[in-house]
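The values are calculated or read from the model by the stated rules, or taken from the named source; none is laboratory data. Model, not experiment: these values are computed from the prediction. Cβ coordinates were reconstructed from backbone atoms using ideal geometry, including for glycine residues, and neighbour counts include every protein chain displayed.
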Amino acid sequence: MPRPGSTARRASLAPSIVSPVGSAIQHFRAKVAQENLIKASKIPYAILRATQFFEFIGSIVESGAEDGGVRLSPALIQPVAADDVSAALADLAVGAPVNGTMEIGGPDRFPLDELARRYLAERDDAREVIVDIHARYFGTELNDHSLIAGDGARRGPRRFFSWLGRATRA
Ligand SMILES: NC(=O)c1ccc[n+]([C@@H]2O[C@H](COP(=O)([O-])OP(=O)(O)OC[C@H]3O[C@@H](n4cnc5c(N)ncnc54)[C@H](OP(=O)(O)O)[C@@H]3O)[C@@H](O)[C@H]2O)c1
């Protein structure tokens, strides 16, 4: 809340997740509930829906682990650097109020199974990736729109495999 006489304005700024609508995933449902509460309030707001963070890709790959391999959907995924999401949130925080929802994704889209193969190879992990269009993503079947940002979305400049190479060597 701004102090009396201050020129600061009160606004809500919330990171959220791309395409959470209708998902069975509890975290996504919570994000939808959060978005709805923010929109229903009288306070100006900006919601930034991001695709999956680079830092979360390892957990996604491991979520498909079974019987010594990894079973994953070939649905498209468009990972984004958490640093690029932070930069976009900072721009929103200091910019003119937007009272709306925006999206951000990374510069590249990959079929999830291919991304996992390259991710495991980068880490010298010999597990086989089995492609399965019915493989569930934390309980939900995916399509090519589930994990990507819309065409008008902001694109973070950082590339996943450059980031991964640095993260693996560190
Ligand atoms: N991960 C993704 O792929 C992804 C994709 C799209 C959007 N998002 C959104 O981006 C945001 C961050 O995601 P994340 O995956 O980085 O989450 P995270 O790993 O769980 O990190 C959340 C951070 O927020 C801090 N935090 C939580 N509650 C807090 C509170 N009440 N006061 C102060 N700090 C608090 C936590 O601190 P402690 O560690 O001390 O608990 C932690 O540092 C979330 O809103 C998420 O929905 C994430």
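Some notes on this structure:
- Any hit, the stretch 35-48, residues being under 21 Å from Asp108 (Cα atoms), within 8 Å of the ligand (Cβ to nearest atom) and part of a strand (DSSP E or B): no
- Selected residue (criterion: modelled with the highest pLDDT) from residues of the stretch 139-165 that are part of a loop (DSSP other than H, G, I, E, B) and loosely packed, with under 15 Cβ neighbours inside 10 Å: Pro157
- If the condition is being of a type in the set (Asp, Glu) and either under 24 Å from Met102 (Cα atoms) or touching a Pro at 6+ places or on another chain (Cβ under 9 Å) (or both), then the stretch 130-161 contributes Asp132, Asp144, Asp151.
- Test: residue in the stretch 115-126 that is over 21 Å from the mean Cα position of the chain (by Cα), at positive phi and not aromatic (Phe, Trp, Tyr): yes
- The criterion of at least 3 residues that are within 11 Å of the ligand (Cβ to nearest atom) and modelled with pLDDT of 95 or more is met, among strands (runs of 3 or more DSSP E) falling completely within the stretch 53-132, by 100-105.
- Top-ranked residue of the stretch 16-31 - restricted to ones that are within 11 Å of the ligand (Cβ to nearest atom), in a helix (DSSP H, G or I) and not aromatic (Phe, Trp, Tyr), ranked as modelled with the lowest pLDDT: His27
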